[in-house]
C-alpha cells in the first residue's frame with residue numbers, strides 16, 4: 001500500500017508537470033498571436049500623395065503708387081518614369097517669371113529642381129543653376145500644401 005501511495009503521488013506530479021508544459025506552450029503560442037496582432041495594429045499606412053496639379057498663392061495690395069499684386073503658380077505633372085516636371089510661374093507688378101523644373105519625391109516631400117528658364121521669361125533665358133532646389137512642396141497632417149521657396153514657407157491652394 002505504501003508503494004501504491006508513492007506511485008499515485010508520482011503519477012499526479014507527472015500529470016501536473018505535463019499540464020503546465022502544455023499550458024505554457026499554449027500561452028507562448030497565444031503570446032505570438034497577440035504580438036503579431038499588436039504589430040499589425042501599430043503599422044502606419046503611408047499615404048501616397050498625388051502631387052500632380054496646380055498650386056497657387058496670391059499676395060499684394062494697394063500702395064501709394066497703385067496696386068501691387070503677384071500671383072504664384074506651380075503646375076506639376078507626373079512623368080512616365082514616375083518622377084515629376086513642373087512650371088513655376090510668377091506674374092504681377094513688373095514681374096513675369098517662368099521657370100521649368102524637374103521634381104522627385106524625397107522624404108515624403110516633392111522637391112523641384114531648376115531645369116531652365118522658359119522662353120517667355122521676362123528676364124531672358126540665361127543664368128540659373130541647373131539642379132538647384134527651386135522649391136519644396138509638402139503636405140501637412142491636416143491636408144494643407146506648403147511650398148518652401150528660398151527659405152519662405154507659404155500655404156498654397158491646390159487645384
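FYI, it's all coordinate maths here, none of it is from the lab. Not measured: the values here are computed from a predicted model. Cβ: placed from backbone, ideal geometry, glycine included. Neighbour counts: every protein chain shown.
How long are the semi-axes of the equivalent ellipsoid of region 43-112, defined as square roots of 5 times the Cα gyration tensor eigenvalues? Whole Å, largest first.
Square roots of five times the eigenvalues give 32, 15, 8 Å.
Compute the distance from the alpha-carbon center of region 58-86 to that of region 88-159, in whole Å.
8 Å
I'd like the Kirkwood hydrodynamic radius of region 53-158, using the inverse of the mean 1/r over distinct C-alpha pairs, in Å.
Over region 53-158, the inverse of the mean reciprocal pair distance is 14.6 Å.
Across the Cα atoms of region 99-140, what radius of gyration and what greatest pairwise Cα-Cα distance (Dmax) are found, in Å?
Using the Cα atoms of region 99-140, the pair Rg, Dmax is 11.7, 35 Å.
I want to check the label-to-label distance for residue 139 and residue 105. Put each point 7 Å from Cα in the C-beta direction and report it in nm to one decimal.
Each label point is offset 7 Å from its Cα along the Cβ direction, giving 0.8 nm.
Stretch residue 77-residue 125 to full length: gain in nm at 0.36 nm per residue minus the Cα-Cα span?
Contour length minus the Cα-Cα distance gives 15.1 nm.
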